[in-house]
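Okay, so here's the structure we're looking at.
We did not get these values from a lab; they are worked out from the coordinates using the rules stated. Treat the numbers as computed from the prediction; the structure is a model and nothing was measured. No Cβ is skipped: glycine too gets one built from the backbone with ideal geometry, and neighbour counts run over all protein chains shown.
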Amino acid sequence: MTNLDCDYWFPTPIYRTMVSNYQELNKELLLLIREHKEKNEGIQGSNIQGYHSKSDLQWEPIAKVLCDTMRKIEQAEALTQPCELVELWYNINPPQSHNANHTHPRCDWSGVYYIQTPENSGMLHIDDPRDRAHMTLPKQKPAKDISPMLWRTTHYQPTPGMLLFFPSWLSHSVGINLNTNTGDNADRISMSFNFIQGWFR
Ligand SMILES: [Fe+2]
């Protein structure tokens, strides 16, 4: 037998970057968030006990950072029409809150930007999107001993300034905030967003 080759098709991209001026940006966003939350009721989304703002925020300069990143992803994904930022909101997860498994329907690209991530405040969990691959679960060696190409689930440990983009159909969830402190510093705070490609123009 000659070499046994393996071709991996249909990869699931998750774009990841650190925003360069995130300390100043996050200070500004925290002020905006505190002021906004005083005046506005949250909504019910994937949040379990946490606060989910309305998604109509138009906050510069975070919107600029997101749109600049989207331009790079359009190039990488060979998109022929630009994607527009259509929704932007923030999430505050105090201890014991989390976000249930969900997708972002009717959108093309979604993601999250991290502002405050106390210790043990919840990782971002990503599920294998190939639903039919869950029909069988052959026993495998532990994840740490095998190629990430073989993993069936993965996660990200968020840090302030981290920005992730992923296809809106990709199912994800946020772990329970198990931070044991009290007060505002125990809150996990992030912003989420949706882009839609303007293919109809
Ligand atoms: Fe989400």
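Computed 3J(HN,Hα) for segment 5-12, one whole-Hz value per residue from the Karplus formula 6.51 cos²θ - 1.76 cosθ + 1.60 where θ = phi - 60°, is 8, 10, 9, 9, 10, 6, x, 10, glycine and proline marked x. Amide hydrogen proximity for TYR90: with H placed 1.01 Å from N in the peptide plane, the residues at 5 or more positions away or on another chain lying under 5 Å are SER53, SER192.
Counted residue by residue at 0.36 nm each, then reduced by the alpha carbon distance between them, the extension gain from ASN185 to GLU38 reaches 51.2 nm. What is the helix-to-structure angle for 62-76, meaning the angle in degrees between its Cα long axis and the longest Cα principal axis of the chain, kept from 0 to 90 and rounded to the nearest 10? For helix 62-76, the angle is close to 20 degrees. In terms of the Cα gyration tensor, with a ≥ b ≥ c the square roots of its eigenvalues, is segment 11-51 rounded because a/c is under 1.5, prolate because a/b exceeds b/c, or oblate? The shape class here is oblate.
Applying the Karplus relation 6.51 cos²θ - 1.76 cosθ + 1.60 with θ = phi - 60° to segment 172-189 yields 3J(HN,Hα) values of 8, 8, 10, x, 5, 6, 9, 5, 9, 7, 10, x, 4, 5, 7, 6, 8, 10 Hz, where x marks Gly and Pro. In terms of its C-alpha gyration tensor, segment 39-140 comes out oblate, because a/c is 1.5 or above while a/b does not outweigh b/c.
Summing +1 for each Lys or Arg and -1 for each Asp or Glu among the other residues whose beta-carbon sits under 10 angstrom from that of SER53 gives 0. Other residues lying with their Cβ under 13 Å from the Cβ of MET135 contribute a combined charge of +1, Lys and Arg counting +1, Asp and Glu -1. Under 5 Å between amide hydrogens, built in the peptide plane, is the criterion, and for MET123 it picks out GLY175 among residues at least 5 positions away or on other chains.
Per residue, the convex hull spanned by the Cα atoms of the chain measures out at 171 cubic angstrom. Between the listed residues PRO11, TRP59, ILE33, the Cα displaced farthest toward the positive end of the dipole of segment 1-59, a dipole computed from Cβ unit charges relative to the Cα centre, is found at ILE33. In segment 80-120, which residues have a backbone nitrogen under 20 Å from the label point lying 7 Å from GLU28's Cα in the Cα-to-Cβ direction? Hits in segment 80-120 for GLU28 at 20 Å: 85-91, 112-117.
3J(HN,Hα) along segment 39-44: 9, 10, 6, x, 10, 9 Hz, from the Karplus curve 6.51 cos²θ - 1.76 cosθ + 1.60 with θ = phi - 60°, whole Hz, x for Gly and Pro.
Using a cutoff of 8 angstrom between alpha carbon atoms and counting only pairs six or more residues apart, the relative contact order for segment 22-143 works out to 28 percent.
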